[in-house]
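Contents: one structure, followed by commentary.
FYI, it's all coordinate maths here, none of it is from the lab. This is a predicted model, so every value here is computed, not measured. Cβ: placed from backbone, ideal geometry, glycine included. Neighbour counts: every protein chain shown.
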Amino acid sequence: MNIRAILLTAAMLVATTVSAQQTHGYSNPVIKGFYPDPSVCRVGEDYYLVNSSFVYWPGVPIFHSRDLIHWQQIGNCLDRPSQLKVAEQPHWGGIYAPTIRHHDGIFYMITTNTSDRGNFLVYTDDPRGPWSDPVWLKQGGIDPSLYFEDGVCYMVSNPEDGISLCTIDPKTGEQLTPSRVIWRGTGGRYPEAPHIYKHNGWYYLLISEGGTEFGHSVTIARSRSIDGEYEVNPDNPILTHFKQAGQNSPIQGVGHADFVEAHDGSWWLVCLAFRIQGGQHHLLGRETFLAPVEWNDEGWPVVNKVGMVSLEMDVPTLTQVEMPQLPEIEEFNGTEIGMEWLRLREPQFENYRLSGGRLILTPTETTLDEQASPTFIARRQQDIFFEATTALSLFDASQGDRAGLSVYMDPGAHYDLYIERGAKGCYVVLSYRLGKLEHKARMVKLKKNRATLRVEGSDYMYSFSYSENGKDFMPLGSMDTKYLSSETNGGFTGVVLGLYATKYSAASRATAEVEYFEYKGR
């Protein structure tokens, strides 16, 4: 067992045997960075949560918690080629909002692959996997969800701008009843993210409206019959920051929620939102937030008393149980690449190897500018203020080959700090790609083919530096954060910090060796 695995195992033993006994207050987001569209289910005193992943590989990360506050990733639901087909798809394609549910000992994850055949589900008896191959479903739309009752599996999704209901066989995908629209929302655009719950004899239908930007909101309706008609909550929306009370909040775009009843009988909601920076911009993607829910005298849910969420939540909680967190330094001394690392679309797995405490990257001619799968492996940026450092070498390179560190939003928006082989040796280069604009902002000759590269993030700027001895860092320049934001580029993902390698021609035999990757949030 490698050192990283030993540390994580020891931390888990501590977390599961020694509780902090804290039962008040926590910080949002509870899962930081590009972890959007959260869905949660409970099994006894354990909680499981999934997020959407779009064109990143592997797909649909899954987390475990004992208190809804502290989460540890335990796997990815879609981690083999038969489950996930997203080759050459646009950055806003791929896997949309998943839902996780547990019924009769089986976990079900239902989602949409907008780049393949639409809605499907996978299932398992162990949330750590493996999960089944896709079971494809007939009813269209996006954001599908499941509800089980009396041996019947109900499915809801949003074809044709309305929430439709049908029953299915979850093991075969056969649709057993016709699709029927049961609610079209309150009039907001894009009624989506439907979930059905039953509480005190009522069926509650929770949805999101307004789009997943600043106008996002959560609304709810109820009926005595699952088929409807649904009565609209007079206090809708039950969660939004798109009102005067929320206009100055550092949290915006609040929506896409899922309820869970905790093992102590309390109710909670997970949702997505984004933290703004550099003015009215967000770069970290849509993150996972948590809020308490109470039921009022009329039987409607009230979120956090005021229908908003905060960065610091001064509320009673479940008994809090710490979970192991990723170490600041990844030294690549294991036998497998960690489940938290992302690649783009359908990667060539042979181009990523662990050997001798190094991550070995084999470059291809595919670049970061393409709607394809370059040699690129990344971790999410999880903090507005952070420092990320890596040390790497470029071996057997031909002129034009490069390897380095990318602050990456999508193929048309990334800042890159890399080693490039030139005609007279190796250079460290700082460059940017912004739409059709590409420019090498700074280029400095290196003594060798190795360098330590660093990027520091702040509210308004990314600052880049390098070192040849690993200690003394020389600044190369700064780039404005807003040009990588979702408001500038669109899309639904967040910035990731990628290690990558490309070669100029097929004849090159270059490789890149990464010694470590260190990430510190501030």
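The HN-Hα couplings worked out from phi for region 61-71 by the Karplus form 6.51 cos²θ - 1.76 cosθ + 1.60 (θ = phi - 60°) are x, 10, 10, 10, 8, 10, 9, 6, 10, 9, 10 Hz, whole numbers, x standing for Gly and Pro.
Computed from backbone phi, the HN-Hα couplings of region 295-310 come to 9, 7, 5, 8, x, 9, x, 10, 8, 6, 6, 10, x, 9, 10, 10 Hz, rounded to whole numbers (Karplus: 6.51 cos²θ - 1.76 cosθ + 1.60, θ = phi - 60°; Gly and Pro given as x). Annotation for E298 and S505: the two label points, set 7 Å from Cα along the Cα-Cβ direction, are 7.4 nm apart. By definition, a body whose alpha carbon gyration tensor gives a ≥ b ≥ c is rounded when a/c is under 1.5, and region 3-311 falls into this rounded group. You can think of it this way: the chain between K198 and K436 has 80.6 nm of extra reach, that is 0.36 nm per residue less the Cα-Cα gap. Full extension of the chain between D104 and E331 gives 77.6 nm of extra length, using 0.36 nm per residue less the Cα-Cα distance. In nm, to one decimal, how far is the R184 label point from the M474 one, both placed 7 Å along Cα→Cβ? Reported label-point gap for R184 and M474 is 6.5 nm. Amide H to amide H distances under 5 Å link A451 with L392, where only residues 5 or more positions off or on other chains count and H is placed in the peptide plane. Taking Cα centre as origin and charging only the Cβ of basic (Lys, Arg, +1) and acidic (Asp, Glu, -1) residues, the dipole magnitude of the chain rounds to 1800 debye. Note on S266/E213: beta-carbon distance plugged into 1/(1 + (r/R0)^6) with R0 of 30 Å gives a FRET efficiency of 0.45. Scaled against 2.2 N^0.38 Å for its residue count N, the alpha carbon radius of gyration of region 362-519 is 0.96. Fully extending the segment from T172 to S467, taken as 0.36 nm per residue of separation minus the present Cα-Cα distance, adds 100.5 nm. In this simple spin-label approximation, V315 and Q244 carry label points 7 Å from Cα along the Cα→Cβ vector, and these lie 2.5 nm apart.
Each Lys or Arg adds one and each Asp or Glu subtracts one; over the other residues with Cβ under 9 Å from the Cβ of Y35, this totals +1. Give me the angle, in degrees from 0 to 90, between the Cα long axis of helix 3-17 and the longest principal axis of the Cα atoms of the chain, rounded to the nearest 10. Compared with the principal axis, the helix lies near 30 degrees. A Cβ-based charge dipole, computed about the Cα centre of region 405-453 with Lys and Arg at +1 and Asp and Glu at -1, lands at about 400 debye. With a cut-off of 17 Å on the backbone N, the residues of region 487-522 near the modelled label site 7 Å out from L354 along Cα-Cβ are 499, 513-519.
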